[in-house]
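The values are calculated or read from the model by the stated rules, or taken from the named source; none is laboratory data. All figures in this text were calculated on a predicted structure; none of them were measured in a lab. With ideal geometry, Cβ positions are generated from the backbone for all residues, glycine too; neighbour counts draw on all protein chains shown. Just the protein is used for accessible areas: all its heavy atoms, side chains included, with ligands, DNA and RNA removed. Shrake-Rupley method; radii C 1.70, N 1.55, O 1.52, S 1.80 Å.
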Amino acid sequence: MARQGVRRLSHSVCLVLTCLSLALHLILALFCLSVLQTSCVIPPSSSYFTKMAAHIDHKVEASFNIVNEKEKDKKLIQTKMATKVVSGQRVSNHSKLEALFSHPLYNLPRKHLLEDDWLLKLKPKNKGEDSEEEDEEEDSDKSSEDSEWQSDSEEDGYDRANWTRSADIHPAWLRYHLGISRWELYDRNDPSVAEVTQQMATQRILSAVQKSGGTQLKLIMSFPNYGQALLKPMRQERDAETDFNLFYFSDFERHNAEIAAFHLDRVLGFCRIPPVVGRLINVTTEIRAITTDHKLSRTFFTSPVGNLCFHGQCEYYCSTENPVCGRPHVLEVSLASMLPDISLAPRRSWRSPWRRSYSRTKLAPWEKNPDYCDTVKQTPPYSQGTRLVDLIDMVILDFLMSNMDRHHYETFEKFGNDTFLLHLDNGRAFGRHSVDEPSILVPLRQCCRIRRSTLMRLRLLSLPGFRLSDVMRESLSQDPLESVAPLLSEQHLPVLDRRLKTILQAVHTCLEHHDDVIHDDLQGYDVMITGGKNFCFK
């Protein structure tokens, strides 16, 4: 009986173990099947394996993404800039900018220009040249050989130049240069200005060298049609305010400030800043690979996070502690069209009477003497002509964009003292939006002189239908970099309206205490501004 009990128990144990073994084998089979299915189908949710793969392939994917983004940006820029060339400005049923530029104050009859009022002119024809041109028409093979300007540098990437006196075949930058007159740098309605900005934003870059002189890094970029532009790189984020503890001469220059200054200068009706446009460039292929500047090429390095950087050589901020870096290769820049070479159009540099001391302890003469302008008014060239109100125009521009770094200004030598001022080098503008800098407006407060046309445009821009912040927002939206981020943050735009009120109040105060405040440059014109006081002037 005992043996039979043992046998039955053994039989039961074996049966249980067999069932347990079968169950374990079944579970193992199901687990293997699920693993096989997982290896074939990637779940839609983020998983550990997906993150690991993304981490391993980060550099490769980043390279391809940069290329793809670069191509997309180029297409976007080309489309956007092409629209700009065709239309000249954004067309909208509710375009305040279009309404502004259609206003009579922006379409006053132009002064009659004499031959000497143009900065450049084409070489006059020589005697017997007409007969030579007839021979050229008969012999088409010789037409290119007898052209005024011919280049054989196609192998270097430049366009074959065959330019004659016909303006139709001149490149846009040359037509823009030929349009510079005694009274303005460009005509706002000149289509060549829009073409210049479009070409700077889209054309292939053939050469990049560092510009000599200056306190911060700048490059000169050359294009296939022999045009050139001055590049300023992105050094800080758009919404980064200047540290309040920094002196005005210790701040970085801003690429977006150069672009915004060009648009503001045009909105104010001055047209004294060369055309400027934003662009995304590849630091590797569009600077490092093509530069012939050996000093510049030696300053390239790769940052610890894999970004390509360089710093060049300059007086300030050109070191490994203050580099210019791509992300990892793409860099935002501003490109300003170059003025005619000084060998063709010499420029004179003038020290501003209201130049700051550029000292941390000393004050400038105008800061210590409230009657300082009385001396300036008696000193040439401010004692006659329009030089003083030209300077006040520049002061108004600087106050609106909070530019404290206006120590010098330039004019074209050919025109002597009777010409406009060039509003160059605006990289330290738009640094602070939370506060205004009243010292910039001191020349207006001390001298109490302003152009009537300037005052009327400021009043126009203070009206709701032409509000300065609105037209600036619309104007800046035409720039290619607007597709990346607004060139001016929304914090900066309302500040323009606030500062405009300050300027108008300063003029109002001057009118209450002085008689000879307005320099009337609108004599003979009837200008109507709806919605304000003192609308009509003759």
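Collect the residues in region 177-233 that are open to solvent by 30 Å² or more (accessible area, probe 1.4 Å), under 21 Å from Phe101 (Cβ atoms) and part of a loop (DSSP other than H, G, I, E, B), keeping them in residue-number order.
Hits for region 177-233 are Trp183, Glu184, Asp187, Arg188, Asn189, Asp190.
Any residue in region 334-347 that's small (Gly, Ala, Ser): show its pairings with residues that are open to solvent by 70 Å² or more (accessible area, probe 1.4 Å) at Cβ separation under 9 Å, as long as the two are six or more apart or on different chains.
Filtered contacts from region 334-347: Ser337/Gln228; Ala345/Glu413; Ala345/Lys414.
Quick one: which of Arg356, Arg406 is closer than 29 Å to Ser462 by Cα, basic (Lys, Arg) and out of contact with any Leu (no Cβ under 7 Å at 6 or more places or on another chain)?
Result: Arg406 is the single residue among Arg356, Arg406 that is closer than 29 Å to Ser462 by Cα, basic (Lys, Arg) and out of contact with any Leu (no Cβ under 7 Å at 6 or more places or on another chain).
Kindly list, by first and then second residue, each pair from a residue in region 497-519 that is in contact (Cβ under 8 Å) with a residue 60 or more places away in the chain to a residue that is of a type in the set (Ser, Thr, Tyr), limited to pairs with Cβ atoms under 6 Å and residues at least 6 apart or on different chains.
Going by the 6 Å Cβ cut-off, the qualifying pairs are Leu500/Ser462.
Might you check whether a residue that is within 28 Å of the chain's Cα centre (by Cα), modelled with pLDDT under 95 and of a type in the set (Lys, Arg) occurs anywhere in region 353-368?
Yes, because at least one residue in region 353-368 is within 28 Å of the chain's Cα centre (by Cα), modelled with pLDDT under 95 and of a type in the set (Lys, Arg).
Quick check on Thr386: is it open to solvent by less than 10 Å² (accessible area, probe 1.4 Å) and in contact (Cβ under 8 Å) with a residue 24 or more places away in the chain? If you could, list the steps in order and put the result at the bottom.
Values: open to solvent by less than 10 Å² (accessible area, probe 1.4 Å): no; in contact (Cβ under 8 Å) with a residue 24 or more places away in the chain: yes.
When the stated conditions are applied, Thr386 does not pass them.
Kindly indicate whether Leu424 is part of a helix (DSSP H, G or I) and not β-branched (Val, Ile, Thr). Step through it out loud before you land on a result.
Details: part of a helix (DSSP H, G or I): no; not β-branched (Val, Ile, Thr): yes.
No; evaluated as a whole, the condition is false for this residue.
Would region 485-508 turn up any residue that is closer than 24 Å to Val389 by Cβ, in a helix (DSSP H, G or I), polar (S, T, N, Q) and modelled with pLDDT of 95 or more?
yes
Which of the numbered conditions does Arg327 fail, given that it passes all the others? Conditions: (1) out of contact with any Pro (no Cβ under 8 Å at 6 or more places or on another chain); (2) of a type outside the set (Phe, Trp, Tyr); (3) open to solvent by less than 50 Å² (accessible area, probe 1.4 Å); (4) part of a loop (DSSP other than H, G, I, E, B).
If we test Arg327 against (1) out of contact with any Pro (no Cβ under 8 Å at 6 or more places or on another chain); (2) of a type outside the set (Phe, Trp, Tyr); (3) open to solvent by less than 50 Å² (accessible area, probe 1.4 Å); (4) part of a loop (DSSP other than H, G, I, E, B), just (3) comes out false.
Among the listed residues Arg473, Arg451, Arg467, identify the single one that is within 25 Å of Pro275 (Cβ to Cβ) and under 19 Å from the mean Cα position of the chain (by Cα).
Values: Arg451 fails: under 19 Å from the mean Cα position of the chain (by Cα); Arg467 fails: under 19 Å from the mean Cα position of the chain (by Cα).
Going through Arg473, Arg451, Arg467 in turn, just one is within 25 Å of Pro275 (Cβ to Cβ) and under 19 Å from the mean Cα position of the chain (by Cα): Arg473.
Output the residue which, of all residues in region 330-352 that are outside any strand (DSSP E or B) and loosely packed, with under 15 Cβ neighbours inside 10 Å, is nearest to the chain's Cα centre (by Cα). Outline the logic, then answer.
Going residue by residue through region 330-352, those that are outside any strand (DSSP E or B) are 338-346, 352.
Next, from what is left, pick out any that are loosely packed, with under 15 Cβ neighbours inside 10 Å: 341-344, 346.
Details: Asp341: 21, Ile342: 23, Ser343: 26, Leu344: 26, Pro346: 25 Å.
The extreme case among them is Asp341.
Collect the residues in region 392-414 that are open to solvent by less than 10 Å² (accessible area, probe 1.4 Å) and either under 15 Å from Pro346 (Cα atoms) or touching a strand residue (DSSP E or B) at 6+ places or on another chain (Cβ under 6 Å) (or both), keeping them in residue-number order. Explain how you work it out, then say what you get.
As a first pass, look at region 392-414 and keep what is open to solvent by less than 10 Å² (accessible area, probe 1.4 Å): 392-394, 396-401, 403, 409, 411-412.
If the condition is that a residue be open to solvent by less than 10 Å² (accessible area, probe 1.4 Å) and either under 15 Å from Pro346 (Cα atoms) or touching a strand residue (DSSP E or B) at 6+ places or on another chain (Cβ under 6 Å) (or both), then Ile392, Tyr409, Thr411, Phe412 are the ones that fit.
Can you tell me which of Pro381, Pro370 is on the phi < 0 side of the Ramachandran plot, open to solvent by 60 Å² or more (accessible area, probe 1.4 Å) and not basic (Lys, Arg)?
On the way: Pro381 fails: open to solvent by 60 Å² or more (accessible area, probe 1.4 Å).
None of the other options fit; the residue is Pro370.
Kindly check whether there is at least one residue in region 260-272 that is open to solvent by less than 10 Å² (accessible area, probe 1.4 Å), hydrophobic (A, V, I, L, M, F, W, C) and in a strand (DSSP E or B).
no
Of the residues Arg445, Arg467, Arg449, which single one is out of contact with any helix residue (DSSP H, G or I) (no Cβ under 6 Å at 6 or more places or on another chain) and either basic (Lys, Arg) or open to solvent by 30 Å² or more (accessible area, probe 1.4 Å) (or both)? So that I can check it myself, show each step before the final result.
On the way: Arg445 fails: out of contact with any helix residue (DSSP H, G or I) (no Cβ under 6 Å at 6 or more places or on another chain); Arg449 fails: out of contact with any helix residue (DSSP H, G or I) (no Cβ under 6 Å at 6 or more places or on another chain).
None of the other options fit; the residue is Arg467.
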